[in-house]
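I have placed the structure first, in the form of C-alpha cells, so that the comments after it can refer back to it.
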Amino acid sequence: MSDPLPDPEAGMEISPARVCELLPAIARGEIALIDCREDDEWRFNRIEGARLVPLSGFGTAPLPEIPAIIYCHHGMRSIRATNLWRSRGHDQVWSMSGGIDRWSAEVDPSVPVY
C-alpha cells in the first residue's frame, strides 16, 4: 500500500480529509471502510465504498485482515467500535473524527445530513 496510515500509537482518530486521500486505497481493497451505524441510517446516506457493520454486531463481527477506518454519524459510536476492535487485537483500526456529518461538511457536501 502506498498511502501511509497514521501510527496506531499516535491516536485512534483520522480526519475526513485524510480518509478522502485514502479513497484510492479503499477502492483497491487495501483498507476497509466500515460504517457502524444502523441499517436505516445507512440507507439514508453513506460514503461510497463503505461496508455496513452495525455497532451492535461489532463484538462478534470477523476482524478484517487489512487496516480499517470506521465511521458513524458524529464519531462517538465509531470510537467505541475502534476501541472494541483494538481490544480484540486489531491495532490497525481508526475512527473517522466527526463522522459522516463532518465528511459532508468538509469533503462531500452532496452527502445529505440528518
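What follows is calculated from the coordinates using simple rules that are stated; it is not laboratory data. Worth saying up front: this structure is predicted, and the values here are computed from it rather than measured. Here the Cβ is made from the backbone with ideal geometry for all residues, glycine too, and neighbour counts use every protein chain on show.
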With springs connecting C-alpha atoms under 10 Å apart, model the chain as a Gaussian network and identify which of G99, G59, G75 has the largest mean-square fluctuation. G59
Loop-resident GluC sites (Glu not before Pro) in segment 1-101 with no more than 16 other Cβ atoms inside 10 Å, DSSP not H/G/I/E/B, are E30, E38, E48, E65
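Once you mark the trypsin sites (Lys or Arg not before Pro) that are in a DSSP loop and have at most 16 other Cβ atoms within 10 Å, what is the longest gap between them in the chain? Working shown, then result.
Values: sites that count: R28, R88.
In short, 29-87.
Net charge near G75: determine it from the other residues with C-beta under 9 Å of the C-beta of G75, scoring Lys and Arg +1 and Asp and Glu -1.
Details: positive: R77, R102; negative: E13, D101.
Overall, the nearby charge balance is 0.
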For A32, what residues show an amide H to amide H distance below 5 Å, using hydrogens built from the backbone and excluding near sequence neighbours? A68, I69
Expected 222 nm ellipticity per residue - DSSP helices of 4 or more, -39500 (n - 2.57), all of the chain, to 500: -8500 deg cm²/dmol
Out of P62, P16, P24, a Gaussian network model of the chain with alpha-carbon springs under 10 Å gives the largest mean-square fluctuation to P62
Among I47, I70, I100, the residue with the largest mean-square fluctuation in a Gaussian network model of the chain built from Cα contacts under 10 Å is I47
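Report, in debye and to the nearest 20, how large the dipole of segment 12-106 comes out about its Cα centre when Lys and Arg carry +1 and Asp and Glu carry -1 on their Cβ. Spell out each step's value before the answer.
Details: 11 positive and 13 negative charges, 36 e Å.
About 180 debye.
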Computed from these coordinates, which is log10 I(q)/I(0) by the Debye sum over Cα atoms at q = 0.09, 0.11, 0.13, 0.20 Å⁻¹: (1) -0.24, -0.36, -0.49, -1.00; (2) -0.19, -0.29, -0.41, -1.05; (3) -0.20, -0.30, -0.41, -0.86? (2)
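For D35, D101, which order do you get if you count the other beta carbons within 10 Å of each Cβ and list the fewest first?
Details: D35 27, D101 18.
Ordered from fewest to most neighbouring Cβ atoms within 10 Å, D35, D101 come out as D101, D35.
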